[in-house]
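Colleague: Below is a structure I'd like to ask you about.
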Amino acid sequence: MMTAYKRAMDRLTMSPVARKRIASRLRRGRVRRRSLRPVLIAAAVLALALGTTAAAGGVFYHDIPAAIAQLLTPVRLSDSSQDIALTVQSASVEDGVFTAYITMRDERDSGRLAQGVDLYDSYRINTPYRTDLVTSGCTPLGYDEASRSYGFLIQIKPRDGRGRSLDFSGDKFTFCVRQLLLGQSRGQAVSLCPDWSTIPLFPANAPRYILGGSGEGVDAYSGWLSGGEALVLRPGGWELPVTEGVSVSAAGFMEDGLHIQLRFEAGGPDDHGWLDIVTPSGETVQRFLGLSFRDEDGVGYQESVYDVSPETLPGCTLAGEFTTGGYLLEGGWQVTFQLENPNRS
């Protein structure tokens with residue numbers, strides 16, 4: 001049965017600008033998997049359209065989709081740590097999915113949040129006891145100058161061992177955040193023009209332990225080895241500067257397609273980014289597989305695979321966006337609250 005949430009989202013109209021912003025956020029999505037007790041946490045980008053904020057009963061400092069805002073119940077409870085206040089502004093439960101609008105505000109007014117904040121997958125909420133899998137997503141809403149706050153939309157969906165949705169067992173919730181990722185730098189690369197004729201057709205490869213994978217081709221990748229390792233390009237042999245702290249460290253054709261390997265030298269906790277291949281006609285060849293790993297010295301790499309042939313590359317350029325550097329701020333933010341009339345299926 002179609003939920004009220006889905007029906008509302010289907011009716012939501014968006015401007016071309018909003019759609020462009022959504023597509024940009026989705027392309028920056030990345031997946032992490034980690035264990036927490038018996039619960040497997042899979043962090044995924046929360047696919048929410050940025051539209052016009054509804055005039056619902058609550059305080060909204062950031063652009064929130066009207067269909068989401070109308071479901072939220074005001075909470076407005078806060079907790080402070082490291083002179084930063086976390087406020088659960090509003091929340092809801094709809095068909096077993098917990099959604100919350102939260103803000104972070106720097107009480108020092110030092111500008112620590114204006115450059116950007118990442119919750120670094122350190123947010124949690126109490127879930128039903130039969131939970132085996134939790135799918136959680138976090139969409140950054142940006143920095144609001146007037147309120148000096150950074151906003152997020154959070155969605156958490158618990159499931160049992162058979163993949164079935166679980167309803168939250170009570171009206172009381174505790175939302176926690178352990179650390180923030182601050183001070184990251186963001187850069188772009190536009191219209192890089194490599195000499196495609198020099199890319200090796202039979203590049204050297206090496207096994208590496210894979211820290212994370214993304215894209216529809218992850219499970220079908222032919223390079224998987226035992227113990228979480230996979231064959232990736234051996235750095236060197238085809239290099240290209242991209243932007244400060246980021247360079248192409250290798251490229252070549254392997255069984256699954258064209259591999260392009262990025263090296264991140266800034267040493268940040270969560271350096272990441274991507275390169276798209278842009279054809280002479282302006283079409284984008286996006287990667288269908290991405291693998292992340294580190295070398296023995298701790299330098300981070302991200303290898304992407306594209307379904308293209310050597311004959312299609314002449315005249316193509318490279319473009320992408322990158323996030324590097326920054327530092328982790330440890331804290332202990334915890335807000336406990338109740339929802340008077342949560343919606344339930």
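Colleague: What is the P(r) of the range 213-345, as percent of Cα-Cα pairs per 10 Å bin from 0?
Modeller: The percentages, shortest bin first, are 10, 36, 28, 12, 10, 4, 0.
Colleague: At each listed q (0.11, 0.14 Å⁻¹), what is the log10 of I(q)/I(0) that the Debye formula gives for the range 89-236 modelled as equal alpha-carbon point scatterers?
Modeller: Here the Debye-derived log intensity ratios amount to -0.71, -0.96.
Colleague: A further question follows. If you take every residue apart from residue 191 with its C-beta less than 15 Å away from the C-beta of residue 191, what net charge results, scoring Lys and Arg +1 and Asp and Glu -1? Before the final figure, lay out the partial values.
Modeller: Values: positive: none; negative: 195, 276, 283, 321.
That works out to -4.
Colleague: How much of the calculated P(r) for the range 282-345 lies past 19 Å, in percent of all Cα pairs? Walk me through the numbers before you get to the answer.
Modeller: On the way: 1310 of 2016 pairs.
Roughly 65 percent, rounded to a whole number.
Colleague: Okay, next question. Name the residues whose placed amide hydrogens come within less than 5 Å of the amide hydrogen of residue 238, ignoring near sequence neighbours (fewer than 5 apart) on the same chain.
Modeller: 251
Colleague: If you don't mind, there's one more thing I want to ask. For the range 66-163, take N as its residue count and report Rg(C-alpha) divided by 2.2 N^0.38 Å. Kindly include the intermediate steps, with their values, before the conclusion.
Modeller: Details: Rg = 14.6 Å, N = 98, 2.2 N^0.38 = 12.6 Å.
Output field value: 1.16.
Colleague: D for the range 94-141, whole µm²/s, Stokes-Einstein with Kirkwood Rh over alpha-carbon pairs at 25 °C and 0.890 mPa s: what number?
Modeller: Numbers: Rh = 13.5 Å.
Translational diffusion coefficient: 182 µm²/s.
Colleague: I'd like the Karplus ³J(HN,Hα) series for the range 194-202: coefficients 6.51, -1.76, 1.60, θ = phi - 60°, whole numbers in Hz, and an x wherever there's a Gly or Pro.
Modeller: x, 8, 5, 5, 8, 5, x, 7, 9
Colleague: Another one. Report the equivalent ellipsoid semi-axes for the range 177-240 in whole Å, largest first, defined as the square roots of five times the eigenvalues of the gyration tensor built from alpha carbon atoms.
Modeller: Numbers: eigenvalues 137, 110, 28 Å².
Value: 26, 23, 12 Å, ordered largest first.
Colleague: Still on this structure: Each residue of the range 175-185 in turn: what ³J(HN,Hα) in whole Hz from Karplus with 6.51, -1.76, 1.60 and θ = phi - 60°, glycine and Pro shown as x?
Modeller: Once θ is set to phi - 60°, the couplings for the range 175-185 become 9, 10, 9, 9, 7, 10, 9, 10, x, 6, 9 Hz.
Colleague: Using only the Cα atoms of the range 212-253, each taken as one equal point scatterer with no solvent, compute I(q) by the Debye sum, divide by I(0), and report log10 of the ratio at q = 0.15, 0.23, 0.32 Å⁻¹.
Modeller: Here the Debye-derived log intensity ratios amount to -0.52, -0.92, -1.06.
Colleague: ³J(HN,Hα) across the range 240-246 via Karplus (A = 6.51, B = -1.76, C = 1.60, θ = phi - 60°), whole Hz, x for Gly/Pro?
Modeller: 7, x, 10, 7, 4, x, 9
No lab work stands behind these numbers, since they all come straight from the coordinates. This is a predicted model, so every value here is computed, not measured. Using ideal geometry, Cβ is built from the backbone for each residue, glycine included, and neighbour counts are taken over all protein chains shown.
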